[in-house]
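Chemist: Input: one structure, supplied below.
The values are calculated or read from the model by the stated rules, or taken from the named source; none is laboratory data. As the structure is a computational prediction, the values presented were derived from the model and not from experiment. Every residue, glycine among them, receives a Cβ derived from its backbone with ideal geometry; neighbour counts consider all protein chains shown.
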Amino acid sequence: MKFTLKRNLWIRFCLTLIFVFNWAHADSKLENWVQINQTFGISPSLALFAEVQPRISYSEGELASILARLAPIYLFNSNHSVGVGFLWLENYSPSANNETRLFLQYIFQHGSLGRSSFFHRFRAEHRNINITEDKAYRLRYQIRSLHAWFKNKNLRALLQNELFINLNTTDVSGAVAGFDQNRLALGINYAWSTTVNSDIGYMYNFVRRPRALSDRNNHVFYYCLNANF
């Protein structure tokens with residue numbers, strides 16, 4: 001009864017956020033994001049993180065963007081780590097542009113709390129966008145939680161949210177300081193082994209666009225493969 005109540009409260013809260021954002025005047029897009037994350041252990045305290053993520057727009061019927069991220073990671077222990085990395089991003093739709101980023105991140109993971117576990121990621125980004133000469137700076141915070149609500153021990157419910165805040169305003173082609181976007185994901189996580197697991201679900205991505213005619217709602221079918229070697 002206790003876990004059922006917590007589960008229902010989580011789901012209602014997430015659906016309420018989606019409902020509120022959808023009331024905003026915004027264009028809507030349907031997309032599929034596929035994310036492949038690989039972490040390679042180098043030593044007990046060092047690892048290398050690599051990510052590839054193509055994004056397909058069903059609304060436009062084409063590849064919307066693709067990104068690649070690489071970062072060495074220093075692990076203080078099993079719960080705390082820091083990393084510094086580089087990202088390359090190519091956008092094809094709705095407009096063509098590219099971006100590179102340098103980023104610094106800190107990750108904190110809770111030990112399991114009852115039948116749930118939590119992951120927090122703080123990321124600071126230095127963005128170079130080809131359509132503007134100004135540099136853009138952004139902060140991101142992601143909270144991710146996994147909940148053992150099923151009889152199958154390998155299957156867990158996934159609830160995740162990530163908030164983006166721009167720190168500065170660039171010229172007319174770039175970022176505007178303040179709230180940038182939010183990504184809310186609901187789904188399931190399946191552990192194939194102790195080192196490989198997958199996320200699958202729905203992500204609602206609200207993007208603020210103060211320099212466009214309207215904001216954007218991205219409705220995303222989301223799949224992620226996480227592997228540790």
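Chemist: Only residues that are in a strand (DSSP E or B), charged (D, E, K, R) and out of contact with any Cys (no Cβ under 8 Å at 6 or more places or on another chain): list them for segment 183-228, please.
Modeler: The answer is R183, D215, R216.
Chemist: Which one of these is out of contact with any His (no Cβ under 8 Å at 6 or more places or on another chain), small (G, A, S) and either touching a residue at least 12 places away in the same chain (Cβ under 8 Å) or surrounded by 19 or more Cβ atoms within 10 Å (Cβ to Cβ) (or both): A212, A185?
Modeler: Of A212, A185, the one residue that is out of contact with any His (no Cβ under 8 Å at 6 or more places or on another chain), small (G, A, S) and either touching a residue at least 12 places away in the same chain (Cβ under 8 Å) or surrounded by 19 or more Cβ atoms within 10 Å (Cβ to Cβ) (or both) is A185.
Chemist: While we're on this one: Mind counting the residues in segment 187-229 that are within 19 Å of the chain's Cα centre (by Cα) and small (G, A, S)?
Modeler: 4
Chemist: Looking at (1) in a loop (DSSP other than H, G, I, E, B); (2) touching a residue at least 40 places away in the same chain (Cβ under 8 Å), find the lone condition where T169 falls short.
Modeler: Only one criterion is unmet by T169, namely (2).
Chemist: Could you list all residues from segment 161-175 that are loosely packed, with under 14 Cβ neighbours inside 10 Å and either aliphatic (A, V, I, L, M) or under 25 Å from D199 (Cα atoms) (or both)?
Modeler: V172
Chemist: I'd like to check something: does segment 107-122 contain any residue that is under 21 Å from P54 (Cα atoms) and in contact with a Phe, Trp or Tyr (Cβ under 8 Å, 6 or more places away or on another chain)?
Modeler: Within segment 107-122, none of the residues are under 21 Å from P54 (Cα atoms) and in contact with a Phe, Trp or Tyr (Cβ under 8 Å, 6 or more places away or on another chain).
Chemist: Just to be sure I understand, how many residues within segment 132-150 are in contact with a Gly (Cβ under 7 Å, 6 or more places away or on another chain) and in a loop (DSSP other than H, G, I, E, B)?
Modeler: Count: 2.
Chemist: Is there a residue in segment 113-123 that is assigned to a strand (DSSP E or B), surrounded by fewer than 16 Cβ atoms within 10 Å (Cβ to Cβ) and at pLDDT below 90?
Modeler: Scanning segment 113-123, I find at least one residue that is assigned to a strand (DSSP E or B), surrounded by fewer than 16 Cβ atoms within 10 Å (Cβ to Cβ) and at pLDDT below 90, so the answer is yes.
Chemist: Looking at segment 79-97, is at least one residue aliphatic (A, V, I, L, M), surrounded by fewer than 18 Cβ atoms within 10 Å (Cβ to Cβ), under 29 Å from K135 (Cα atoms) and more than 20 Å from the chain's Cα centre (by Cα)?
Modeler: Checking segment 79-97: at least one residue is aliphatic (A, V, I, L, M), surrounded by fewer than 18 Cβ atoms within 10 Å (Cβ to Cβ), under 29 Å from K135 (Cα atoms) and more than 20 Å from the chain's Cα centre (by Cα).
Chemist: Of the conditions (1) farther than 29 Å from E99 by Cα; (2) not in a loop (DSSP other than H, G, I, E, B), K153 clears all except one; give me its number.
Modeler: Of (1) farther than 29 Å from E99 by Cα; (2) not in a loop (DSSP other than H, G, I, E, B), only one is false for K153: (2).
Chemist: Please tell me if T194 is within 19 Å of R115 (Cβ to Cβ) and surrounded by fewer than 16 Cβ atoms within 10 Å (Cβ to Cβ).
Modeler: yes
Chemist: Considering only residues that are surrounded by fewer than 18 Cβ atoms within 10 Å (Cβ to Cβ) and closer than 18 Å to F49 by Cα, which ones fall in segment 197-209?
Modeler: If the condition is that a residue be surrounded by fewer than 18 Cβ atoms within 10 Å (Cβ to Cβ) and closer than 18 Å to F49 by Cα, then S198 is the only one that fits.
Chemist: Has segment 72-93 got any residue that is modelled with pLDDT of 90 or more, touching a His at 6+ places or on another chain (Cβ under 8 Å), in a strand (DSSP E or B) and farther than 22 Å from K29 by Cβ?
Modeler: No, that holds for no residue.
Chemist: Output the residues belonging to segment 9-68 that are at pLDDT below 60 and in contact with a Lys or Arg (Cβ under 7 Å, 6 or more places away or on another chain).
Modeler: Answer for segment 9-68, where residues must be at pLDDT below 60 and in contact with a Lys or Arg (Cβ under 7 Å, 6 or more places away or on another chain): there is none.
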